[in-house]
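Asker: A single structure is presented below for examination.
The values are calculated or read from the model by the stated rules, or taken from the named source; none is laboratory data. Treat the numbers as computed from the prediction; the structure is a model and nothing was measured. Ideal geometry is used to build each Cβ from the backbone, glycine not excepted, and the neighbour counts take in all protein chains shown. Keep in mind that these areas ignore ligands, DNA and RNA; they rest on the heavy atoms of the full protein, side chains included. Shrake-Rupley method; radii C 1.70, N 1.55, O 1.52, S 1.80 Å.
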Amino acid sequence: MGVNMNSNLGGDGFLTTTINKVAKWGRKNSLWPMPFGTACCAIEMMGTFASRYDISRFGAEAVRFSPRQADLMIVSGTITYKLASVCRRIYDQMPNPKWVIAMGSCTCGGGPFDSYAVVQGIDEFLPVDVYVGGCPPRPEALIDAVIKIQKKIEIEGAPIV
Ligand code: SF4
């Protein structure tokens with residue numbers, strides 16, 4: 001695909017690329033997060049979306065509470081077995097391609113709650129792309145996870161659906 005960038009150059013100013021590269025560029029710079037916050041880590045997630053950390057610098061500020069409009073699920077907080085099926089159903093309702101960040105020790109591995117009621121890591125029922133450790137992780141760590149998702153999209157890409 002070729003795009004004429006500058007008609008004043010008399011046809012010399014061409015940028016060439018592929019549809020796949022343009023799609024990946026668009027996807028990585030316009031992630032629409034679906035927040036799934038259940039406990040204290042969710043407070044740090046909210047802080048990440050607020051003005052001090054300003055996640056819109058990375059094109060991921062369009063938080064959606066409808067899974068059908070989101071492509072990045074951020075799970076933050078303690079997940080009980082009762083909640084796991086709800087979390088999975090919301091993930092299933094998100095259109096492809098989609099990605100998942102597990103934020104915080106509870107989400108990644110149960111955290112301090114080694115209990116019959118708490119899921120010992122959401123990867124028991126969800127495909128996790130990036131794990132963010134910490135109790136709770138700081139907003140910078142979540143931003144770092146978003147950047148890792150962007151790199152993943154750039155390197156691996158996703159099929160054009
Ligand atoms: S990892 Fe720590 S801060 Fe996060 S939900 Fe669990 S107990 Fe709360």
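Asker: Summarise the accessible area of the chain (1.4 Å probe, protein heavy atoms) by the percent that is carbon and sulfur.
Answerer: Numbers: 4950 of 8830 Å².
On the chain, the fraction of accessible area on carbon and sulfur atoms equals 56 percent.
Asker: Which Cα, out of PHE36, GLY111, THR80, lies furthest along the positive dipole direction of segment 28-128 (beta carbon charges, K/R +1, D/E -1)?
Answerer: My answer, from the dipole projection, is PHE36.
Asker: Percent relative contact order of segment 49-145, based on C-alpha pairs within less than 8 angstrom and at least six residues apart? Walk me through the numbers on the way to the answer.
Answerer: Values: 152 pairs, mean separation 25.6, N = 97.
In percent, rounded to a whole number, it is 26.
Asker: Show TYR53, TYR116, TYR131 ordered by accessible area, largest first, where the area counts protein heavy atoms only and the probe is 1.4 Å. All intermediate terms of the calculation are to be shown ahead of the outcome.
Answerer: Values: TYR53 45, TYR116 210, TYR131 115 Å².
In descending accessible area the options line up as TYR116, TYR131, TYR53.
Asker: Leaving out ligands and nucleic acids, and using a 1.4 Å probe, what accessible area per residue does segment 41-102 come to in Å²?
Answerer: On the way: 3140 Å² over 62 residues.
Accessible area per residue, segment 41-102: 51 Å².
Asker: Shifting gears a bit: Report for the chain the percent antiparallel among DSSP-assigned beta bridges with both residues inside it, nearest 5. Kindly include the intermediate steps, with their values, before the conclusion.
Answerer: On the way: 5 of 18 bridges.
Antiparallel bridges make up about 30 percent of those DSSP assigns within the chain.
Asker: Then there's this: Find how many whole Å separate the alpha carbon centroid of segment 21-74 from the alpha carbon centroid of segment 86-103.
Answerer: Using only Cα atoms to place each centre, the spacing works out to 13 Å.
Asker: Cα-based count: Lys pairs in the chain below 21 Å, eight or more positions apart or different chains?
Answerer: Lysine pairs meeting the criterion: 15.
Asker: Just subtract the alpha-carbon distance of ILE43 and VAL22 from 0.36 nm times their residue separation and send over the number in nm, one decimal. It would help to have the intermediate numbers written out before the result.
Answerer: Details: separation 21, 0.36 × 21 = 7.56 nm, distance 3.45 nm.
Full-extension gain reported as 4.1 nm.
Asker: At 1.4 Å probe size, what's the solvent-accessible area of PHE14? Round to the nearest 10 Å².
Answerer: Probe radius 1.4 Å; accessible area of PHE14 about 120 Å².
Asker: Taking only Cα atoms of the chain, what ratio of Rg to Rh do you get with Rh as the Kirkwood inverse-distance radius?
Answerer: Values: Rg = 18.3 Å, Rh = 16.8 Å.
Over the Cα atoms of the chain, Rg/Rh equals 1.09.
Asker: Calculate, for LYS82 and LYS151, the FRET efficiency according to 1/(1 + (r/R0)^6) with r their C-beta to C-beta distance and R0 45 Å; round to the nearest 0.05. Write down the numbers at each step before the final one.
Answerer: On the way: r = 35 Å, r/R0 = 0.77.
Calculated value: 0.85.
Asker: Can you show me the helix-derived [θ] at 222 nm for the chain, built from DSSP H runs with n ≥ 4 at -39,500 (n - 2.57) apiece and divided by the number of residues, rounded to the nearest 500. Kindly include the intermediate steps, with their values, before the conclusion.
Answerer: Details: 5 runs with 55 residues, N = 161.
Dividing the helical sum by the residues of the chain leaves -10500 deg cm²/dmol.
Asker: While we're on this one: Amide H neighbours of THR80 under 5 Å, counting only residues 5+ apart in sequence or on other chains, H built in-plane at 1.01 Å?
Answerer: Here VAL119 satisfy the definition.
Asker: To continue, here is another question. Could you work out the relative contact order of segment 4-107? I mean the mean sequence separation of Cα pairs under 8 Å and 6+ apart, divided by the number of residues, in percent. Walk me through the numbers on the way to the answer.
Answerer: Working: 147 pairs, mean separation 28.1, N = 104.
Dividing the mean separation by the residue count of segment 4-107 yields 27 percent.
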